[in-house]
Amino acid sequence: MVDLFVDRVLLKNNKEQDELDTEREIVMRLQNRILMLFFASAACERCQQFTPTLSNFFKRLTDEFYVDRAAQLVLVYISLDQTEEEQESFLKELPKRCLFLAYEDPYRRELQAMFNVEELPAVVVLRPDCSILTPNAAEEILCLGPDCYRNWQEAAEIIDRNFLINEDFEVKSMCSWSDPMRRLKYRVEDEKKKSKKKHHDRGWGGGGEEDVNGKDGGGSPW
């Protein structure tokens, strides 16, 4: 993914439109991340309808209001607008953490041809090695929402055990393997069980071990 933009200038979608124009900056921003290339145009009605959903999707995965730690995900808007004014207008609808290519950069059209983008909107999802994870995830995002990222993360073999949507903290039945708080909780509970078991063994001449294991062994809180 880094190679895809290493010789290019990416812009941040902030007020100043700061540039990421050095190899070091590009590497730091893109390395070991899943990349979403969002091909769209302000003149496309379907793009206009889809953009709020995409923006919400990205925010729920990267905004600290929703997550403890941002997902390893980057969104790059590849403008197919007819004018720079259209591009600037469309950028206002996209998250501030989104990146984009300058309107005058011909690489926009090269990327369109490179990934065979013919229908808009298109969200090309790439693994960190630049291989295609899905050629167009627009429908998947509409149907599954943030759950898409978990699927992509597994398929891309990216390990990020700290990813957690904040609202999941309130769901006691959540069974995500990526929740470090739950793992800590169960380690503490296991220690308590071991302590109780040792006390039980000492009090009953070691005869209670089978009962304890028989009660708890194989049990699952889920």
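The values are calculated or read from the model by the stated rules, or taken from the named source; none is laboratory data. Please read all numbers here as calculations on a predicted model, not as lab measurements. Here Cβ is always computed from backbone atoms with ideal geometry, including for glycine, and neighbour counts include all displayed protein chains. These area figures cover heavy atoms from the full protein model, side chains too; ligands, DNA and RNA do not enter into them. Shrake-Rupley method; radii C 1.70, N 1.55, O 1.52, S 1.80 Å.
Side notes on the structure shown:
- Per residue, region 31-92 exposes 44 Å² of accessible surface when a 1.4 Å probe is rolled over the protein heavy atoms with every protein chain present.
- Coupling constants for region 24-41 follow from the phi torsions by the Karplus curve (6.51 cos²θ - 1.76 cosθ + 1.60, θ = phi - 60°), and in residue order they are 4, 5, 5, 4, 4, 7, 10, 4, 6, 10, 7, 10, 10, 9, 9, 8, 7, 8 Hz; glycine and proline get x.
- Under a 5 Å amide H cut-off, with hydrogens placed 1.01 Å from N, Leu73 pairs with Ile34 among residues at least 5 apart or on other chains.
- Protection proxy ranking, highest mean first, for peptides 144-151, 55-62, 3-10: 55-62, 144-151, 3-10, where packing is the per-residue count of other beta-carbon atoms within 10 Å, averaged.
- Each peptide among 102-108, 136-142 gets the average number of other Cβ atoms lying within 10 Å of its residues, and from highest to lowest they stand as 136-142, 102-108.
- Positive end of the dipole of region 1-153 (Cβ unit charges, origin at the Cα centre): among Ala70, Leu11, Leu126, the Cα lying farthest that way belongs to Ala70.
- Shape category assigned to region 14-143 from the gyration tensor of Cα positions, a/c cut at 1.5: rounded
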